[in-house]
Amino acid sequence: MSDIQVDWQSSDFLLEQSGNSRDLLLKQAEILIQKKEYDQAWTRLNREVFKFVSNPQHSFLKGKTAFYLGSYADAQRYLEDARELGFTEDELFYLSAAASLKLGDNKAAIESVNTLLALQQKPEFHTLKGQVLLEAGDTVRAEREFQVSIGQDSSIRENYLGLGTLYLSQNKPEKAGQLTDLWLSREPLDRDFLMIKAQMLEKSGSYREAGDLYRLLNNPSDPEFLRLRAENFYKQGKYDSAAILSNQALMLQDEPLARLILARSFEAQRLYSEAENEYKIILERDSTVSEASEAITRLERRSEYLRYLREQEEKASQMTPPEPDRIDLNDSIR
C-alpha cells in the first residue's frame, strides 16, 4: 500500500468524524480545501464553536476558502486577520497578493509579493509578480519576472500566458505565436492559448483562420468572447453576423467596444439611422470616443448631402418646362 493511499484513508477517516472540536474541524477544513470542496470547508469553518475565537489558522483557512470561492474582499480581510495574529507562512502572502490583484489593488499586491520574494525566491512568486506588474501596465518589469520564473521552472502555465498576452498587447504576433505554439504543443486544447492564437492570427491579417478558431472555442455566455468574434466577423466583411454577435454581447454586458462594433456593422450595411443611434449612445456615456463623434459628423454630413440632392431634384422638376403639344404632321399637310 502506497503512502498516498494511507494519506487518503486517514483523510476519509477524519472527515467521517463528528463533533465540535476546533482542531478536528480545522483538519477537516484543510482536507476539504485540498479536495476543492470549498463550500463544505466553509461550512465547517463557520461553526458556532469558532465564534469569538482568535485563531490564526482558522483566519487563514477562512481567507483561503473565501479566495477559492471568489470572495476576494472577504479573503483579504481574513488573511489580514491571520497575519495580525502571527500567521507568517508563504501561502498567506501569495493568496493576499492574488486577492489584491483580483480586486485591482496593484499596490497592495506588489507589497505582498515583494514580501514573498524577500522570504524565498520561488518561481511561482516571480510569476505572480509578473501578473501584478502586467496588470499595472509595467510591461518591461512584468516580462522580466515571467522570464526569471521560466528560467527556474519551465512548466508554469501562467508564465507563457502572461508573456503571450503581453506580446499580443505590444503588437508582437511572432513572439506571442512562438510562446503560444510552445505551450499548445504540450496542451493542444488549452482554451486561453487558443484564444491568444486567434487574436494573433487577426493581428497578422489571417481573419478567416482566426474565425475558425473562434468557432471551435465558441462560448456564448462570455461577453468578451462574443465581442472578439463579432469583431472578427466584421473584419471578414460579414456585417450581419457581426451585428448579431455584438448585440448578444451587449445583452450580457453593456460596454462601448461591443456597441462600437454594432454601430460599424450597421453603417457597413447602410443602416445609417441605426448606426447613428448607436454612435450617439456611445458618446452619451463617454464623450471622448473620437471614432463615434467622427462617425456622427460623417453620417450627419451624408444626411445633409442627401437632403440637398433631394431639394435640387425637386427644384429641377419644378423648373422643367412642360413638353410642347405634339403636332400631327398629317394635320399640317392637310
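The values are calculated or read from the model by the stated rules, or taken from the named source; none is laboratory data. This structure is a prediction, so every number in the text was calculated from the model and none was measured. Cβ placement follows ideal geometry from the backbone for every residue including glycine, while neighbour counts extend to all protein chains displayed.
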* Take the residues in the range 16-42 that are of a type in the set (S, T, N, Q) and surrounded by 15 or more Cβ atoms within 10 Å (Cβ to Cβ), then tell me which one is farthest from the chain's Cα centre (by Cα). => Q28
* Structure fact -> K129: passes all of (1) in contact with a Pro (Cβ under 8 Å, 6 or more places away or on another chain); (2) charged (D, E, K, R); (3) surrounded by 22 or more Cβ atoms within 10 Å (Cβ to Cβ) but (1)
* Residue under evaluation F87, criteria (1) assigned to a helix (DSSP H, G or I); (2) under 28 Å from A73 (Cβ atoms), criterion not met -> (1)
* Search result, residues across the range 92-135 that are within 19 Å of the chain's Cα centre (by Cα) and under 19 Å from L61 (Cα atoms) -> A98, A99, S100, K102
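Each row is one residue, and each column tells you yes or no for (1) under 25 Å from T65 (Cα atoms); (2) among the hydroxyl-bearing types (S, T, Y); (3) not assigned by TED's automatic domain parsing to the domain that holds A66.
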| site | (1), (2), (3) |
| --- | --- |
| E89 | yes, no, no |
| S96 | yes, yes, no |
| Q131 | yes, no, yes |
| R186 | no, no, yes |
| M195 | no, no, yes |
| Q199 | no, no, yes |
* Counting only residues that are of a type in the set (S, T, N, Q) and in a loop (DSSP other than H, G, I, E, B), which one in the range 240-277 is surrounded by the most Cβ atoms within 10 Å (Cβ to Cβ)? -> Q269
* Which helices (runs of 4 or more DSSP H) does the range 122-177 wholly contain that include 1 or more residues that are among the hydroxyl-bearing types (S, T, Y) and within 19 Å of D105 (Cβ to Cβ)? -> 123-135
* Asked: Among the residues of the range 107-117, is there at least one that is outside the structural domain of F93 (by TED's automatic domain parsing), assigned to a helix (DSSP H, G or I) and among the hydrophobic types (A, V, I, L, M, F, W, C)?
  -> no
* Structure fact -> Condition set within 23 Å of K235 (Cβ to Cβ) and not β-branched (V, I, T), scope the range 278-292, selection surrounded by the fewest Cβ atoms within 10 Å (Cβ to Cβ): answer is S290
* **Flag if I156 is free of Cβ contacts under 8 Å to residues at least 40 places away in the same chain, within 24 Å of R191 (Cα to Cα) and either hydroxyl-bearing (S, T, Y) or in contact with a helix residue (DSSP H, G or I) (Cβ under 6 Å, 6 or more places away or on another chain) (or both)** => yes
